[in-house]
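The values are calculated or read from the model by the stated rules, or taken from the named source; none is laboratory data. Being a predicted model, the structure only gives us computed values, none of them experimental. Every residue, glycine among them, receives a Cβ derived from its backbone with ideal geometry; neighbour counts consider all protein chains shown. These accessible areas exclude ligands, DNA and RNA; they are computed on the full protein's heavy atoms, side chains included. Shrake-Rupley method; radii C 1.70, N 1.55, O 1.52, S 1.80 Å.
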2 protein chains.
Amino acid sequence: MVYIAVMGHGVVGSGVVEVLQQNHAGITSRSKEDIRVKYILDLREFPDLPYADRFTKDFEVIVGDPEVKVVVETMGGLHPAYEYVKRCLRAGKSVATSNKELVACKGAELLRIARDNNVNFLFEASVGGGIPILRPISQCLAANDIFEIVGILNGTTNFILTKMIREQMSFADALTLAQELGYAERDPSADIEGQDACRKICILASLAFGKHVYPEQVGTDGITKITLTDVEYAGSDNCVIKLIGRAKILDGGHIFSAVYPALVSRESQLSSVDDVFNAVMVRGNAIGDVIFYGRGAGKLPTASAVVADVIDCVKHLSARKYLFWEDGKEGYVSDPLEDNTRLYVRAKTEDKTAAAEEIRRTFEDARILSRPCEDRQELAFITPMSTERTLRRELAALTSLRVESILHVLD
Amino acid sequence: MVYIAVMGHGVVGSGVVEVLQQNHAGITSRSKEDIRVKYILDLREFPDLPYADRFTKDFEVIVGDPEVKVVVETMGGLHPAYEYVKRCLRAGKSVATSNKELVACKGAELLRIARDNNVNFLFEASVGGGIPILRPISQCLAANDIFEIVGILNGTTNFILTKMIREQMSFADALTLAQELGYAERDPSADIEGQDACRKICILASLAFGKHVYPEQVGTDGITKITLTDVEYAGSDNCVIKLIGRAKILDGGHIFSAVYPALVSRESQLSSVDDVFNAVMVRGNAIGDVIFYGRGAGKLPTASAVVADVIDCVKHLSARKYLFWEDGKEGYVSDPLEDNTRLYVRAKTEDKTAAAEEIRRTFEDARILSRPCEDRQELAFITPMSTERTLRRELAALTSLRVESILHVLD
């Protein structure tokens, strides 16, 4: 019998209790461990639940109980999750969390504290919900040098973009629908502004490249400015618009990392990842491209990833070493504007012929797009490949058009 | 310093040596292990290789050397791989293999011998080449009851079908092209008759459900009888034809397992898995559907999966327990004809009106298909859902048409 505690009885936390109960027979027979929830920490009262007697409002009860070997953190947010997790690790308890903000902001420190105390700090559920991603990446890493990770990391924005692409729904209507269906929160900014995807790419980049990439080091752009016009132009070029999280290792060992909406070719496997689904593509020098796909959120998928971590903790009560990264030296994250890319540009112009000519003069090989019922004053094109800094400087110098939208093109 | 031996210097075996050399720095720094190849077993001579001095033709040298802690088996075939692996395990050496035939036919026995000798028997590379699949399934299994696995498990047949679907190439021409490109062997029967996919679904089913499923227990059908006519009818119903490996757990705990070409809806993520790519969909009660996608074959991807197993063996020289299954009791595999399914049927008839009427009389809700330039004597339809046994009996009783092709429809 191994006792655990669950901190936070929200969507994921209550799911953890549910999965442990529902699949108790299978878990016990496969893992040879009888895992019991001893405490649930929550400030709210749940008097009608069959396990109402396990609730506590006092963190000290959990951290002070030597019987509790593993603590699940599903409170979300940085505080007090950070302080509680730190104290649990220092008290010799392993921690499994689904809290991406915590891992993205404090991962290196918490991993170090876990190692120093010979316990585990695991967070499979923090990226991709129930999809196994972090352990498979460690496994790829065992024999491969991973050079890039590209992912569709946020289900809410992917749902909104899918509705815009497939049903020509406006951004505002698609967002409202996502909120009605429970895919988006009442304050949807963390999703639609890209912060959620940013936290996830931080975790993936840190794991793949061994140095902590912090959210403030990642250029982050959301989908709030995407219009149906952009969707249509992308379609005319056999592309769809997806919110992409991307991290790659550059020559010289610098890390590039960004979150942005990008035109993705329909030839790419990522283009068919629709609705609330997530996918992460891992590119290694021996393995080639591998993709992990599934529901990136949801109560039971996410809870099942937390429970898998709990089982791993229970089976290995002293620290495992496969998940680890440390803080990087100064300047290890590159300036995103130095990245080579192509850009999609939509602009207004008084004189389309003159504008097209200026574009062709400025960008050799620029490709001008067209769409049905195109506005007479509207022009969209794809630049050739160059550093983003150069492209933006050249775009700013154009005199015959006024740029309204710039998006990346995923190559 | 840990010494290993590689048995078989073919495509995968030489790739293992190459990955270990090429990524030596990264592997050593991440795993903290310096892995060296001490022997390579092959009956052929490779005098020009820089590591020519490590070759031996004598298995006894390897099995008798206590310095060798891990043995890689990439010889393929059952004999002498089976005897050699057994002797290595009994000599206290862990074994990593890419040999699907060996695992599909002898897995339960070899896993038991490994456990009894407190060493590891690992075979990630035997399914899906470099794609991490077996460990992620163990991870899913930790918290989930998996109820079904569906996969595109053979790259050669998927390449051939993709050419037939996208370029209207005939089966024979697509096979010739696959041979020219090195995707198909001179004797392609193991691929096109479905045996290769059968071995892989055996391994997946055994792992997911904990009981060894043997190749002879799996109804196996290849793609040799698929025609462009079938491809066209499938397309008219918004489907593509894919060679599917499938395993599910039925009420009462029986295992259903089969390999067959099936109509897959274009709405399914599996329908866009093209060319030599593989994908495995795992369905669990908490996690929902998760897909693992990538190159299912190839020298370096497969070798990198073997090397990941080697590293795992080196880091855990005594047995780990996450990969295990045993022999099932009698009758644990169900009769595939008892499975509920819909069937695609193509037939010849003298009288299309009478035939269509007989079909509608026999199968309520049968759906008659049509294609451009349809032959006057040709008729294709999709049956409603029933057990395959019932459907085949009813098809055999039809008097106004002669069935030429029957395919499954993946639901």
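Within the stretch B:323-365, being among the β-branched types (Val, Ile, Thr) and either within 22 Å of residue B:236 (Cα to Cα) or touching a residue at least 60 places away in the same chain (Cβ under 8 Å) (or both) holds for B:333, B:341, B:345, B:349, B:353, B:359. Does the stretch B:23-30 contain at least one residue that is at pLDDT 95 or above and either open to solvent by less than 60 Å² (accessible area, probe 1.4 Å) or within 25 Å of the chain's Cα centre (by Cα) (or both)? So far as the stretch B:23-30 goes, no, none of its residues is at pLDDT 95 or above and either open to solvent by less than 60 Å² (accessible area, probe 1.4 Å) or within 25 Å of the chain's Cα centre (by Cα) (or both). Taking each residue of the stretch B:377-406 that is farther than 9 Å from residue B:345 by Cα and open to solvent by less than 80 Å² (accessible area, probe 1.4 Å) and looking for partners that are outside any helix (DSSP H, G or I) and of a type in the set (Phe, Trp, Tyr) with beta-carbon atoms closer than 6 Å, six or more apart or interchain, yields B:384/B:363.
Filter the stretch A:361-371 down to residues that are in contact with a helix residue (DSSP H, G or I) (Cβ under 8 Å, 6 or more places away or on another chain) and in a strand (DSSP E or B) and give me whichever is least open to solvent (accessible area, probe 1.4 Å). It would help to see each step written out before you state the result.
Going through the stretch A:361-371, the residues in contact with a helix residue (DSSP H, G or I) (Cβ under 8 Å, 6 or more places away or on another chain) turn out to be A:362-363, A:366, A:368-371.
Among the residues that remain, those that are also in a strand (DSSP E or B) are: A:368-369.
On the way: A:368: 54, A:369: 14 Å².
Residue satisfying both the conditions and the ranking: A:369.
Quick check on this structure: which one of A:394, A:350, A:374, A:358 is in a loop (DSSP other than H, G, I, E, B) and farther than 26 Å from residue A:271 by Cα?
Result: A:350 is the single residue among A:394, A:350, A:374, A:358 that is in a loop (DSSP other than H, G, I, E, B) and farther than 26 Å from residue A:271 by Cα.
Residues in the stretch A:1-33 that are among the small types (Gly, Ala, Ser) and away from chain B (no Cβ under 11 Å): A:5, A:8, A:10, A:13, A:14.
Can you find even one residue in the stretch B:377-388 that is more than 34 Å from the chain's Cα centre (by Cα) and either in a loop (DSSP other than H, G, I, E, B) or on the phi > 0 side of the Ramachandran plot (or both)? Checking the stretch B:377-388: at least one residue is more than 34 Å from the chain's Cα centre (by Cα) and either in a loop (DSSP other than H, G, I, E, B) or on the phi > 0 side of the Ramachandran plot (or both). Report yes if residue A:265 is among the polar types (S, T, N, Q), within 11 Å of chain B (Cβ to nearest Cβ) and open to solvent by 30 Å² or more (accessible area, probe 1.4 Å), otherwise no. Judged against the criteria, residue A:265 is not a match.
Residues that are surrounded by 24 or more Cβ atoms within 10 Å (Cβ to Cβ), modelled with pLDDT under 95, under 20 Å from the mean Cα position of the chain (by Cα) and more than 10 Å from every other protein chain (Cβ to nearest Cβ) within the stretch B:272-328 comprise just one, B:296. Residue B:76 meets all of the listed conditions (1) within 20 Å of residue B:20 (Cβ to Cβ); (2) surrounded by 18 or more Cβ atoms within 10 Å (Cβ to Cβ); (3) of a type in the set (Gly, Ala, Ser) but one, namely (2). Do we have any residue at all in the stretch A:352-359 that's surrounded by 13 or more Cβ atoms within 10 Å (Cβ to Cβ), out of contact with any Cys (no Cβ under 9 Å at 6 or more places or on another chain) and closer than 21 Å to residue A:220 by Cβ? Looking through the stretch A:352-359, none of the residues is surrounded by 13 or more Cβ atoms within 10 Å (Cβ to Cβ), out of contact with any Cys (no Cβ under 9 Å at 6 or more places or on another chain) and closer than 21 Å to residue A:220 by Cβ. Among the residues of the stretch B:8-34, those identified as farther than 13 Å from residue B:72 by Cβ and either among the hydroxyl-bearing types (Ser, Thr, Tyr) or in contact with a Pro (Cβ under 8 Å, 6 or more places away or on another chain) (or both) are B:28, B:29, B:31. Being in a helix (DSSP H, G or I), out of contact with any Lys or Arg (no Cβ under 7 Å at 6 or more places or on another chain) and either open to solvent by 10 Å² or more (accessible area, probe 1.4 Å) or within 12 Å of chain A (Cβ to nearest Cβ) (or both) is the filter here, so list the residues in the stretch B:112-134 that pass it. Residues satisfying the conditions are B:112, B:115, B:116, B:125, B:134. Look at (1) more than 14 Å from chain A (Cβ to nearest Cβ); (2) within 23 Å of residue B:188 (Cα to Cα); (3) surrounded by fewer than 23 Cβ atoms within 10 Å (Cβ to Cβ); (4) in contact (Cβ under 8 Å) with a residue 40 or more places away in the chain and you find that residue B:103 fails only one, number (3). Scanning the stretch B:320-377 for residues that are among the aromatic types (Phe, Trp, Tyr) and within 30 Å of residue B:109 (Cβ to Cβ) yields B:322, B:324, B:325, B:332.
If the condition is being within 13 Å of chain A (Cβ to nearest Cβ) and closer than 30 Å to residue B:88 by Cβ, then the stretch B:152-169 contributes only B:155.
Picking from residues in the stretch A:220-259 that are among the hydroxyl-bearing types (Ser, Thr, Tyr) and crowded, with 23+ Cβ neighbours inside 10 Å, the one that is farthest from residue A:154 (Cα to Cα) is A:233.
Please tell me if residue B:149 is hydrophobic (A, V, I, L, M, F, W, C), buried (at least 24 other Cβ atoms within 10 Å of the Cβ), closer than 27 Å to residue B:73 by Cα and at the interface with chain A (Cβ under 9 Å from one of its Cβ atoms). Give the derivation first.
On the way: hydrophobic (A, V, I, L, M, F, W, C): yes; buried (at least 24 other Cβ atoms within 10 Å of the Cβ): yes; closer than 27 Å to residue B:73 by Cα: yes; at the interface with chain A (Cβ under 9 Å from one of its Cβ atoms): no.
Here the answer is no, as residue B:149 does not meet what is asked.
Of all residues in the stretch B:135-157, those that are modelled with pLDDT under 95 and in contact with a Leu (Cβ under 7 Å, 6 or more places away or on another chain) total 2. The residue that is farthest from the other protein chains (Cβ to nearest Cβ), counting only those in the stretch A:191-217 that are in contact with a Gly (Cβ under 6 Å, 6 or more places away or on another chain) and open to solvent by 20 Å² or more (accessible area, probe 1.4 Å), is A:193. Just a yes or no: is a residue in the stretch B:173-190 open to solvent by less than 10 Å² (accessible area, probe 1.4 Å), under 23 Å from residue B:130 (Cβ atoms), within 12 Å of the chain's Cα centre (by Cα) and not charged (D, E, K, R)? Among the residues of the stretch B:173-190, not one is open to solvent by less than 10 Å² (accessible area, probe 1.4 Å), under 23 Å from residue B:130 (Cβ atoms), within 12 Å of the chain's Cα centre (by Cα) and not charged (D, E, K, R), which makes the answer no.
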